[in-house]
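Throughout, read-outs are computed from the coordinates displayed, never taken from laboratory work. Bear in mind the structure is a predicted one, so any value in this text is a computation, not a measurement. Positions of Cβ are generated from backbone atoms using ideal geometry, with glycine treated the same way; all protein chains shown enter the neighbour counts.
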Amino acid sequence: MSAASKKLIAGTILAIAVGGLVGWLYSATLLGLLVAALLIIAIYMRKLLLFERALRHGDVESIGYGDGVWQQLYSQFKQERERSNRYRKQARRLVKEVQKSTYAMPDGAVVIDGDNEIVTCNRAAKNLIGLKRKKDRGQKLDNIFRHPQITELLQQNDASQSVDVESPLRDNEWLNCRIVPYGANQKLVLIRDVTDRITLNKVRRDFVANASHELRSPLTVISGYLETLTDDPEVPDELAKPLAQMQVQARRMTSIVKDLLELSRLEGDGQASMDDRVDVAFLVATAVQAFSSVADDGPEILSTIKSDALLLGAESDIDSILHNLLANAVRHTDADGEIEITWRTDENGGELIVRDTGEGIAAEHLVRLTERFFRVDRGRSRGDGGFGLGLAIVKHAIERHGGELHIESEPGEGSEFRCIFPASRLVAA
Ligand code: ADP
């Protein structure tokens with residue numbers, strides 16, 4: 001117990017005793033005690049009421065501190081108050097700094113709560129998607145920034161995912177949106193202007209598509225004349241070999257142009273329609289039959305169909321996936337090897353797997369396999385007729401169906417190409 005507390009107790013007892021003594025002198029001890037106690041209570045009450053009034057008026061300085069316990073109480077209170085004021089000022093300054101920096105950010109930032117209702121946003125968000133900070137507070141973000149992909153992104157709540165969507169305010173402008181969950185059930189929606197990237201991609205895609213398209217007609221004419229000349233008995237013998245070589249190269253060029261056009265189409269078409277049902281099991285059986293009859297002396301090709309589920313998407317894309325993966329497997333597997341195609345589905349989605357026991361691919365090449373014109377062994381692939389476009393086509397065709405391509409391979413052991421499709425694209429037969 002502090003000295004002041006002891007002093008307060010002693011003073012109180014002394015005052016009551018004095019009251020009792022005075023009362024005893026006048027033959028009214030009890031009354032003396034009572035009056036002394038009431039007097040003390042009245043003094044303490046006055047001090048408390050003064051303190052309460054000073055608190056109410058925010059005028060603690062005006063309190064006469066006195067001494068003893070009351071002085072201790074007042075000064076401790078004052079210290080605590082000063083400390084909390086200091087903290088509050090620091091916190092306010094910090095909040096202002098954070099607000100200023102998010103306000104100055106070129107990217108849009110919108111804070112939303114667990115129900116996707118807008119809490120606050122920065123200036124860039126206002127410019128990019130037209131939010132009004134006060135007016136739109138409490139509104140659902142996807143009511144204002146209306147786009148199916150944004151709604152889906154909000155549902156997924158996955159910071160690793162982002163989507164490119166057209167600007168809701170201006171034509172030909174594109175925004176990239178990402179959602180980062182943070183704090184107690186809050187999310188930060190980050191919006192970035194990616195018009196330059198999208199435009200550049202489009203220019204590149206258009207250029208490749210246009211160039212390939214323009215090359216197609218002259219190539220058809222050249223191939224036609226080469227065929228006529230090859231069949232012409234009047235053409236001198238010494239021209240037979242050059243003509244045959246020219247024909248091979250013209251066929252290669254036609255094939256490259258065809259693949260480039262296919263790639264441009266896959267890139268430009270967006271997501272595959274959900275209206276058509278693709279019988280994957282049937283396509284696998286047809287492809288196995290076609291490749292087995294062509295590569296008669298090649299590796300054995302087996303199929304394992306574990307599901308008759310249908311895939312919602314484009315049949316030509318799935319056919320192209322199968323064709324490219326099978327062509328690669330046949331090209332890179334010896335005659336005594338084996339190729340197996342599997343189609344299986346469960347509640348998590350569908351998997352179309354092409355596995356071979358061929359030469360395999362070194363780990364350092366795996367990440368680059370789906371790049372355009374990437375070939376592991378350039379010299380050899382060219383001789384074999386590969387251009388490094390097949391897996392790029394496969395990847396884009398899978399992505400158009402919301403899926404992913406997973407590749408595993410071991411040199412000398414073989415390779416496995418797994419095309420994974422989401423459950424939302426599957427229907428029962
Ligand atoms: P290409 O037309 O040259 O086959 P792809 O894009 O289809 O082009 O394949 C890229 C490279 O990946 C190929 O050059 C080849 O080296 C390698 N590759 C693809 N599939 C296999 C496979 N099944 N086994 C071994 N290597 C493969």
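Across all directions, the average flat footprint of the convex hull enclosing the Cα atoms of the range 105-193 is 5.1 nm². Note down the relative contact order for the chain as a percent, whole number, built from C-alpha pairs under 8 angstrom at least six residues apart. Computed value for the chain: 9 percent relative contact order.
Sorting Leu215, Leu141, Leu49, Leu389 from the fewest to the most surrounding beta carbons within 10 angstrom yields Leu49, Leu215, Leu389, Leu141. Amide H to amide H distances under 5 Å link Leu426 with Leu312, where only residues 5 or more positions off or on other chains count and H is placed in the peptide plane.
Could you list Thr102, Thr12 so that the one with the fewest beta carbons within 10 Å of its beta carbon is first and the one with the most is last? Before the final figure, lay out the partial values.
Numbers: Thr102 19, Thr12 16.
Ordered from fewest to most neighbouring Cβ atoms within 10 Å, Thr102, Thr12 come out as Thr12, Thr102.
Positive contributions from Lys and Arg (+1) and negative ones from Asp and Glu (-1), summed over other residues with Cβ under 14 Å from the Cβ of Ala392, come out at +3. Note on the chain: helix-only mean residue ellipticity at 222 nm, from DSSP H runs of 4+ residues weighted -39500 (n - 2.57) and normalised by residue number, equals -18000 deg cm²/dmol. For the chain, hydrophobic long helices are taken as DSSP H runs at least 20 Å long by C-alpha position along their axis with mean Kyte-Doolittle hydropathy of -1.0 or more; these are 3-25, 29-56, 195-231, 240-268, 280-294, 315-331. Here the range 3-94 is assigned +1 on the Cβ of each Lys and Arg and -1 on the Cβ of each Asp and Glu. Its dipole about the Cα centre then comes out at about 680 debye. The equivalent ellipsoid of the chain has semi-axes of 85, 26, 19 Å, largest first, where each one is the square root of 5 times an eigenvalue of the Cα gyration tensor. Which of the pairs Lys126/Lys395; Lys96/Lys202; Lys89/Lys135; Lys78/Lys100; Lys187/Lys306; Lys135/Lys187 have their Cα atoms more than 30 Å apart in this structure? Beyond 30 Å between Cα atoms: Lys126/Lys395; Lys96/Lys202; Lys78/Lys100; Lys187/Lys306. For the range 172-229, the convex hull spanned by the alpha carbon atoms encloses 98 Å³ per residue. Relative to its Kirkwood radius, the Cα radius of gyration of the range 3-94 gives an Rg/Rh of 1.21.
Report note on the peptides 253-260, 223-230, 1-8: ranked by the mean count of other C-beta atoms within 10 Å, highest first, their order is 253-260, 223-230, 1-8.
Relative contact order for the range 88-231: what is it in percent, counting Cα pairs under 8 Å that are at least 6 residues apart? Walk me through the numbers before you get to the answer.
Details: 192 pairs, mean separation 27.2, N = 144.
The normalised contact order for the range 88-231 reaches 19 percent.
The largest-to-smallest principal axis extents of the Cα set in the range 243-362 are 54, 39, 30 Å. Modelled this way, with points 7 Å down the Cα-to-C-beta line, the labels at Ile41 and Asp279 are 9.8 nm from one another.
Taking 7 Å steps out from each Cα toward its Cβ at Leu73 and Glu173 produces label points 6.3 nm apart.
When Val163, Val189, Val427 are sorted by how many other C-beta atoms sit within 10 angstrom of their C-beta, beginning with the fewest, the order is Val427, Val163, Val189.
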